[in-house]
Amino acid sequence: MSTYRIAGFNIRFENKYPYTDKLCADYRHDCTKVDYVISTTDKAINDERALVGDSFSLGYCEATCLYRALCNQILFDDAFLLHGAVVAVDGKGYAFLGKSGAGKSTHAMLWKQFYPHSVTIINGDKPIVRRLDGQFIAFGTPWSGKEQLNTNAGVPMQSLCFIEQARSNQICRLSMEETIARYFHQLLIPKDKDTVSKLLELTDAFLESMPAYLLHCDISKEAVDLCFNTLTNTR
């Protein structure tokens, strides 16, 4: 079994299909100490396939189950899955969040297209965020959406931006209550009480640590400029 360095953790996946090894190839890291050994079951894999459809391979479904299991375990090391796309600009991270199909990864790609020398896409879909020394750091992971947009690196989080498609472009600052209402739709809620409590504690600290915005936008440069200038000029 190969070992991988993901979000600063040394991980070994006990996978039976080669899909996970190919997916995680850029994160392979030989190490003597392993922080987590992650496995899943045939039942979990088959249940996942029944959910997503037969067009997805068993290997794909296994990789999904392994990542879900990993994200549940790392919560107690102050780390959690963020449903969103994260970009880095000048050493600061900005996350785009929203409902499925809202355009999170598209907006990240547009930032990269229009600001190619300033923007690095950390992850297009499912980064891991860790609280380290009181600061939240977003890390790229192999699980990064169909476009496979990811960088094996971490960046301190600066702000959040919820994306909604619209014909005209406008952005506004959200209150904490508005942020919580939108963010909780993004969470993968664990089943056991202790894990849920830990996730909620981390979520509260995360949301209190940075500003959040709502962007109504199309896919124009005007929309990108509006968002880029607002977020990167927030202190």
Query raised in the report: Restricting the count to DSSP beta bridges whose residues both fall in the chain, what percent are antiparallel, rounded to a multiple of 5?
Result: 70
Query - Inverse of mean 1/r across different Cα pairs in the range 173-228, Kirkwood, Å - result: 13.2
Requested in this report: Convert 20 °C to kelvin, take the viscosity as 1.002 mPa s, use the Kirkwood radius over C-alpha pairs of the range 93-218 as Rh, and evaluate the Stokes-Einstein diffusion coefficient in µm²/s, rounded to a whole number.
Outcome: 140
**Report entry** Bins of 10 Å from zero: percent of alpha-carbon pairs in the chain
**Finding:** 8, 32, 36, 20, 4, 0
Query raised in the report: How much mean residue ellipticity at 222 nm does the chain get from its helices, if each DSSP H run of length 4 or more adds -39500 (n - 2.57) and you divide by all residues, to the nearest 500 deg cm²/dmol?
Result: -10500 deg cm²/dmol
Query raised in the report: Packing-wise, with mean Cβ within 10 Å as the measure, how do 51-58, 173-180, 151-158 rank, highest first?
Result: 151-158, 173-180, 51-58
**Report entry** the range 3-76: C-alpha gyration tensor shape, a/c 1.5 cut-off, then a/b vs b/c
**Finding:** prolate
Report summary line: Length gained if PHE76 through SER175 is fully extended, taking 0.36 nm per residue and subtracting the Cα-Cα distance, is 32.8 nm
Query raised in the report: Which peptide among 110-119, 159-168 comes first, and what is the full order, when sorted by highest mean count of other Cβ atoms within 10 Å?
Result: 159-168, 110-119
Requested in this report: Please sort through the DSSP H helices of the chain and keep those with an alpha-carbon extent of at least 18 Å along the long axis and a Kyte-Doolittle average not below -0.5.
Outcome: 58-73, 193-208
**Report entry** Lysine-lysine proximity count for the range 49-186, Cα under 14 Å, sequence distance 8 or more or distinct chains
**Finding:** 5
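Any read-out appearing in this document is the output of simple, stated calculations on the displayed coordinates, not a laboratory observation. What you are looking at is a predicted structure, and each value in this text was computed from that prediction instead of being measured. Backbone-built Cβ (ideal geometry, glycine too); neighbour counts: all protein chains shown.
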